[in-house]
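J.: Encoded as C-alpha cells, here's the structure I'll be asking about.
We did not get these values from a lab; they are worked out from the coordinates using the rules stated. Quantities reported herein were computed from a predicted structural model and do not represent experimental measurements. With ideal geometry, Cβ positions are generated from the backbone for all residues, glycine too; neighbour counts draw on all protein chains shown.
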Amino acid sequence: MQAGTRAPAVKRYNEKQIIYGMHFVKALKSSDLPEGQVRKVKLEGREFALVRKDGLFYCIDGVCTHEGGPLGEGVLVDGWLECPWHQGHFDYKTGNTDPETDWVTPVKAYRTRTEDGYVYVEI
Ligand code: FES
C-alpha cells in the first residue's frame, strides 16, 4: 500500500474478516460449543482448541507441546484444559501451563470474538 492511503476499515469475504490488519477466521457456531466444553477446530490447516467458559470463548493452539496430543479433545479440570494424552495442564485463557505438570510448555493463545451466532478466532 502506498504511503498516505488508508485501508478500508472492514473488508469482508467468504468466511474471513480483516479488521485493521487483524485476521479473524470463522471457527464454529457458538451453539455448537456448550458451556464448559472444549472443541477441536482446524483453521487454515492448523489445529486449535476452543473453550467456552462462563459464557466466553477462548482459543489456544491445539497441539500439545509435550508429544503432540490434541488439546481440542481435552477436558476442563480444576480450571485447566487438560491434555487427553498425559494430562498436561494449560491455561485456556493465556496458553500458560500448570507448574504441577512441568512436562508441557506454554502454547499461544488467540483472541476470539462472536458475531451473528458464530465464533471467530484471530490467527
Ligand atoms: S501429549 Fe499432552 S501431555 Fe503429553
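J.: When only residues in segment 75-98 that are without any contact (Cβ under 8 Å) to a residue 24 or more places away in the chain, within 9 Å of the ligand (Cβ to nearest atom) and not in a strand (DSSP E or B) count, which is surrounded by the fewest Cβ atoms within 10 Å (Cβ to Cβ)?
T.: His86
J.: Residues in segment 38-74 that are within 13 Å of the ligand (Cβ to nearest atom), surrounded by 14 or more Cβ atoms within 10 Å (Cβ to Cβ) and either hydrophobic (A, V, I, L, M, F, W, C) or part of a loop (DSSP other than H, G, I, E, B) (or both): how many?
T.: Of the residues in segment 38-74, 10 are within 13 Å of the ligand (Cβ to nearest atom), surrounded by 14 or more Cβ atoms within 10 Å (Cβ to Cβ) and either hydrophobic (A, V, I, L, M, F, W, C) or part of a loop (DSSP other than H, G, I, E, B) (or both).
J.: Can you confirm whether segment 107-121 contains a residue that is part of a strand (DSSP E or B), surrounded by fewer than 21 Cβ atoms within 10 Å (Cβ to Cβ) and within 16 Å of the ligand (Cβ to nearest atom)?
T.: There is no residue in segment 107-121 that is part of a strand (DSSP E or B), surrounded by fewer than 21 Cβ atoms within 10 Å (Cβ to Cβ) and within 16 Å of the ligand (Cβ to nearest atom).
J.: Give the residues of segment 22-37 that are in a strand (DSSP E or B) and surrounded by 16 or more Cβ atoms within 10 Å (Cβ to Cβ), sorted by residue number.
T.: Phe24, Val25, Lys26, Ala27, Leu28
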